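Below is one structure, written out as structure tokens; the observations come after it.
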Amino acid sequence: MATITEEIQKRRTFAIISHPDAGKTTLTEKLLLFGGAIHVAGAVKSNKIKKTATSDWMEIEKQRGISVATSVMGFNYGDYKINILDTPGHQDFAEDTYRTLTAVDSVIIVVDAAKGVEMQTRKLMEVCRMRNTPVIVFVNKLDREGQDPFDLLDELEAELKIGVRPLSWPINMGQRFKGVYNIYEESLNLYTPSKQVVTESVEFKDIDNPELEKYIGSDDASKLRSDLELIAGVYPEFNVSDYLKGNLAPVFFGSALNNFGVKELLDCFVKIAPSPRPVQAVERIVKPEEENFSGFVFKIHANMDPNHRSCIAFVKVCSGKFERNANYKHVRNGKFMKFSSPTAFMAQRKSTVDEAYPGDIVGLPDTGNFKIGDTLTAGEELHFKGLPSFSPEMFKYIENTDPMKTKQLNKGIDQLMDEGVAQLFVNQFNGRKIIGTVGQLQFEVIQYRLLHEYGAQCKWEPISLYKACWIESDDAEALENFKKRKYQFMAKDKEDRDVFLADSNYVLQMAQTDFPKIKFHFTSEF
């Protein structure tokens, strides 16, 4: 029997983040291929092959070819147990991604060699920096023409505000791409465009050996030698502890679509990436090797299976061992609960698990008991923090178009809001329901899912709002006064908290100036 410490050492839980179209879902699939978790990669771009990507399984994702919900996938690789959280790259779903980052120990950022660092990637990197999450960068699409690798490294440093150190180096790119030199393992990996495999990996410790010319020709050989000399001169030696502190990002080059450079990334990743780390709770720091189980809900997904109206709460195990049918305390409502069919995921295929260790993600069937951020423990009163809802930037009134289906609509709105895709505000002045999101696409997803999963039809009506902010005050009189003055713009959120709906930046600034005793919050965690 492996001890709990040995199990923890084997775990690697990470998220893959990037801008849409940088090749994140493709990279996820190739990692799964190496782990033997799938045997054919779904060719996402080709319409001839109807196999869609393994991690994108909701109907709307298949139609659009984008990932809108974070998927969780676990597989074994050698002695390691790897948990990947594939996140939506589309910025309308950024909130789901921010929350996912609270459940991982490290991150791989995928960057398109031609486009470099894009806005979405910068935002996500800020979240990693807040939490000192270690980051590895994978520069993708070297089989196409892209920027000069040195320019890319400069851009990564400037845009992501982190030191970088290449651990592999490309030999040309685009049509003339010949492969990469793996600096970390001192070997040469040669690229053959037609095949789906790394053709040959040659151990190559002495880069000055004239054999190199045989493999890649004299021009590329001399360029590779001078590049490597420059790298050694400009960049510090790779130091694992700087990486673990989140100060240094190792960089790998490759082409996920052609399965090239991915294995090097994975082999280095399992060696250097952190196993599950201690988690800060409000009460104390929780260490993974503690005996007692604790974990938190970082995501709720309605209707994993459209035939059964079931929700699943995703729980990240923080400490101890989770066991099926054991009694655990749901801290927020003080009840003890048993779970007879906890599941582990391989995208949509799920299997029942008997036990799980820190770093693992367990799916618990949920009939409305859970909210995002809930803590489960063996009995201790613990609260894990750091799962904010952000202030939405787009608002619409939601109206029922079929009075016979009011009940279905209300249930659908309730369940979808619990998932945290969007937020519901009820205007105190006219009682109308307002949905707030961080992106336009979410309105379409909500409408589509209400119709297809709940049989309810809704329509959207415009409302002109600038921002929703949560308000509080130590001075009850000041709060009452504010609510009276702004009664047309006051709403309640799902937790019955006061929310001020400002219709312009000017109005918001004036309110902040006129009511100094009121605190305005732009995330729900305060």
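The values are calculated or read from the model by the stated rules, or taken from the named source; none is laboratory data. The structure presented is a predicted model; accordingly, all values stated were derived computationally and were not measured. For neighbour counting, all protein chains shown are included, and Cβ atoms are generated from backbone atoms with ideal geometry for every residue, glycine included. Surface areas here come from the heavy atoms of the whole protein model, side chains and all, with no ligands, DNA or RNA. Shrake-Rupley method; radii C 1.70, N 1.55, O 1.52, S 1.80 Å.
Residue by residue through the range 264-277, note down the ones that are part of a helix (DSSP H, G or I) and either aromatic (Phe, Trp, Tyr) or in contact (Cβ under 8 Å) with a residue 24 or more places away in the chain (or both). Within the range 264-277, GLU264, LEU265, LEU266, ASP267, CYS268, PHE269, VAL270, ILE272 meet the criteria. For first residues located in the range 9-20 and closer than 10 Å to LYS81 by Cβ, partners that are aliphatic (A, V, I, L, M) and lie 6+ apart or on another chain with Cβ distances below 7 Å form the pairs ARG12/ILE82; ARG12/VAL270; ARG12/ALA273; THR13/VAL104. From the list PHE238, PHE260, the one residue that fits, being open to solvent by less than 60 Å² (accessible area, probe 1.4 Å), more than 24 Å from ALA103 (Cα to Cα) and touching an Asp or Glu at 6+ places or on another chain (Cβ under 8 Å), is PHE260. Give the residue that is surrounded by the fewest Cβ atoms within 10 Å (Cβ to Cβ), with candidates limited to residues of the range 486-508 that are in contact (Cβ under 8 Å) with a residue 24 or more places away in the chain and over 16 Å from VAL426 (Cα atoms). Looking at residues that are in contact (Cβ under 8 Å) with a residue 24 or more places away in the chain and over 16 Å from VAL426 (Cα atoms), I get ASN505.
Quick check: anything in the range 203-212 over 22 Å from the mean Cα position of the chain (by Cα), part of a loop (DSSP other than H, G, I, E, B) and buried (at least 17 other Cβ atoms within 10 Å of the Cβ)? Within the range 203-212 (the criterion being over 22 Å from the mean Cα position of the chain (by Cα), part of a loop (DSSP other than H, G, I, E, B) and buried (at least 17 other Cβ atoms within 10 Å of the Cβ)), the answer is yes, since at least one residue qualifies. For the range 468-478, a residue qualifies if it is small (Gly, Ala, Ser) and open to solvent by 40 Å² or more (accessible area, probe 1.4 Å), and exactly one does: ALA476. Comparison of GLU399, GLU380, GLU355, GLU419 shows that the only residue that is crowded, with 16+ Cβ neighbours inside 10 Å and either at pLDDT 90 or above or farther than 23 Å from ASP498 by Cα (or both) is GLU380. Applying a threshold of 7 Å to beta carbon distances and a minimum spacing of six or more residues, or different chains, the list of pairs starting in the range 252-263 at a residue that is aromatic (Phe, Trp, Tyr) and ending at one that is assigned to a loop (DSSP other than H, G, I, E, B) reads PHE252/LEU167; PHE252/GLY261; PHE253/LEU142; PHE253/GLY261; PHE260/TYR191; PHE260/VAL198; PHE260/GLY254.
Summed over the range 125-176, the residues that are outside any strand (DSSP E or B), among the hydrophobic types (A, V, I, L, M, F, W, C) and buried (at least 17 other Cβ atoms within 10 Å of the Cβ) give a count of 11. Within the range 335-352, the set of residues being modelled with pLDDT of 80 or more and among the aromatic types (Phe, Trp, Tyr) comprises PHE336, PHE339. For the range 66-79, indicate whether the set of residues that are touching a Phe, Trp or Tyr at 6+ places or on another chain (Cβ under 8 Å), of a type in the set (A, V, I, L, M), open to solvent by 10 Å² or more (accessible area, probe 1.4 Å) and at pLDDT 80 or above is non-empty. No, every residue in the range 66-79 fails to be touching a Phe, Trp or Tyr at 6+ places or on another chain (Cβ under 8 Å), of a type in the set (A, V, I, L, M), open to solvent by 10 Å² or more (accessible area, probe 1.4 Å) and at pLDDT 80 or above. When the range 278-288 is limited to residues that are in a loop (DSSP other than H, G, I, E, B) and under 25 Å from the mean Cα position of the chain (by Cα), the one that is nearest to TYR357 (Cα to Cα) turns out to be PRO288.
Considering the conditions (1) modelled with pLDDT under 85; (2) in a loop (DSSP other than H, G, I, E, B); (3) of a type outside the set (Asp, Glu), ARG332 is excluded by exactly one of them, (1). Taking the listed residues LEU450, LEU441, LEU465, the one that is assigned to a helix (DSSP H, G or I), open to solvent by less than 40 Å² (accessible area, probe 1.4 Å) and in contact (Cβ under 8 Å) with a residue 60 or more places away in the chain is LEU441, with no other qualifying.
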